[in-house]
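The structure under discussion appears below in the form of structure tokens.
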Amino acid sequence: MNRIFCLLIIAVAFASCSPYQKALKSEDIAVKYDIASKMYEAGKYTKAIRLFEQIAPSYRGKPAAEKMFYMFGQSYYKTKQHYLAAYQFESFASSYPKSEKAEEAAYLSAESYSRLSPRYSLDQGDTDKAIDKLQAFINNYPNSELLPKANELVKSLREKLEKKAFENAKQYHTVGGYTRDYSAAIKALDNFIADYPGTPFKEEALYYRFDSAYILAINSVEYKKKERLNLAKASYALLMKFNASTQYKKDADEKLARIDKELQQFSN
């Protein structure tokens, strides 16, 4: 037992005297920089960050500052501290625009912002910000080898915004069973399709627009029924024009037959 206790004391004493611990307590920023660089190269990014945080204010303007701030940003990036990585890389690209790392830093800053984008159902402020940052990178570095990655991220983020907009419009169809909800659904889905003409959710939006028009028409008061049935039929035509082999075809065809049957009473 005494032997184990002694070993623990030795281990603690050894740790307290390690170069890293000495660097943390040192007043010499050159020592801190040297050990921080070694921690970084060894992949011990959390330890490197503690030292970089201590020396960053004193290193601005120094010859080694460019390398130090790049490693600082990478350390945040490697430890998935996306807000801090985005800020640090953005600051680096702004402070060292002629650096060979400026392009990479600008991209990693924008990418870090994209990693802050939440699931589509939440507030999308960070998504909008990420798109702006990525678009700025695309504009500033139109010949970058990183351009395909940036464009793919923008595409993914915009689809997320479209998904949120679509689900917001669709909810008028799925929430409640009153005819006024379906009128609102038609308007909301029309607005969505107009705002996002190339959206991957267009077929689904056209189907829910048709289904909303169908339910509204079938349950309509008599004096509005013919007009609403014809509007529902027009909605069916739009869906089929977009994709005649739509996954919703069987359901849509059955509802069209009901619409035609209901319209017959107005032709007699």
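The values are calculated or read from the model by the stated rules, or taken from the named source; none is laboratory data. Remember, it's a predicted structure, so these values are computed and weren't measured experimentally. No Cβ is skipped: glycine too gets one built from the backbone with ideal geometry, and neighbour counts run over all protein chains shown. Only protein heavy atoms, including side chains, enter the accessible area calculation; ligands, DNA and RNA are left aside. Shrake-Rupley method; radii C 1.70, N 1.55, O 1.52, S 1.80 Å.
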*asked:* Compute the angle between helix 202-218 and the longest alpha-carbon principal axis of the chain, please, reported from 0 to 90 degrees and rounded to the nearest 10.
replied: 40
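Over the chain, calculate the relative contact order: mean separation of alpha carbon pairs under 8 Å at least 6 apart, over the residue count, as a percent.
Working: 275 pairs, mean separation 22.4, N = 268.
RCO, the chain: 8 percent.
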_In Å, descending, principal axis extents of the Cα set of the range 31-173_ = 65, 31, 23
*asked:* Under a Cβ-only charge scheme (Lys and Arg +1, Asp and Glu -1), can you give me the dipole magnitude of the chain about the Cα centre, in debye to the nearest 20?
replied: 520
*Return one number: the angle in degrees, 0 to 90 and rounded to the nearest 10, between the long axis of the Cα atoms of helix 45-59 and the longest principal axis of the Cα atoms of the chain.*
70
_Past the 31 angstrom mark, what percentage of all C-alpha to C-alpha distances in the chain do you count?_
54
_Using the Cα centre of the range 179-267 as origin and beta-carbon charges of +1 (Lys, Arg) and -1 (Asp, Glu), tell me which of THR199, PHE210, ASN243 is placed farthest towards the positive end of the dipole._
PHE210
*Over what distance in Å are the Cα centres of the range 36-77 and the range 128-154 separated?*
26
*So which aspartates and glutamates can LYS226 reach, going by Cα to Cα under 12 Å and dropping same-chain residues fewer than 8 places off?*
ASP260, GLU262
*Divide by every residue of the chain the summed helix terms, -39500 (n - 2.57) for each DSSP H run of at least 4, and state the resulting mean residue ellipticity at 222 nm, rounded to the nearest 500 deg cm²/dmol.*
-26000 deg cm²/dmol
_Give the lysines reachable from LYS249 as a straight Cα distance under 20 Å; neighbours fewer than 8 places away on the same chain don't count._
LYS170, LYS202, LYS233, LYS241, LYS261
_I'd like the carbon and sulfur percentage of the solvent accessible area for the chain, probe radius 1.4 Å, heavy atoms only, ligands and nucleic acids excluded._
53
*By how many degrees, 0 to 90 and rounded to 10, does the Cα axis of helix 222-242 deviate from the longest principal axis of the chain?*
50
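Distance cut-off 18 Å, Cα to Cα: go down the list LYS32/LYS62; LYS78/LYS101; LYS78/LYS164 and report the pairs above it. Before the final figure, lay out each step's value.
On the way: LYS32/LYS62 14 Å; LYS78/LYS101 16 Å; LYS78/LYS164 30 Å.
From the list (LYS32/LYS62; LYS78/LYS101; LYS78/LYS164), the Cα-Cα distance tops 18 Å for LYS78/LYS164.
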*Summarise the long-distance tail of P(r) for the range 104-231 by giving the % of C-alpha pairs beyond 22 Å.*
49
_Farthest toward positive dipole pole in the chain [+1 Lys/Arg, -1 Asp/Glu at C-beta], among ALA110, SER220, MET68_ = MET68
*Where the convex hull is taken over the Cα atoms of the range 184-261, what is its projected area averaged over directions, in nm²?*
4.9
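Using a 10 Å Cβ count of at most 13 others and DSSP loop calls, identify the longest part of the chain lacking such trypsin sites (Lys or Arg not before Pro). Display every interim value, and only then the final one.
Values: sites that count: ARG60, LYS80, LYS98, ARG119.
In short, 120-268.
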*In debye to the nearest 20, how big a dipole does the range 122-172 give about its Cα centre with +1 on each Lys and Arg Cβ and -1 on each Asp and Glu Cβ?*
100
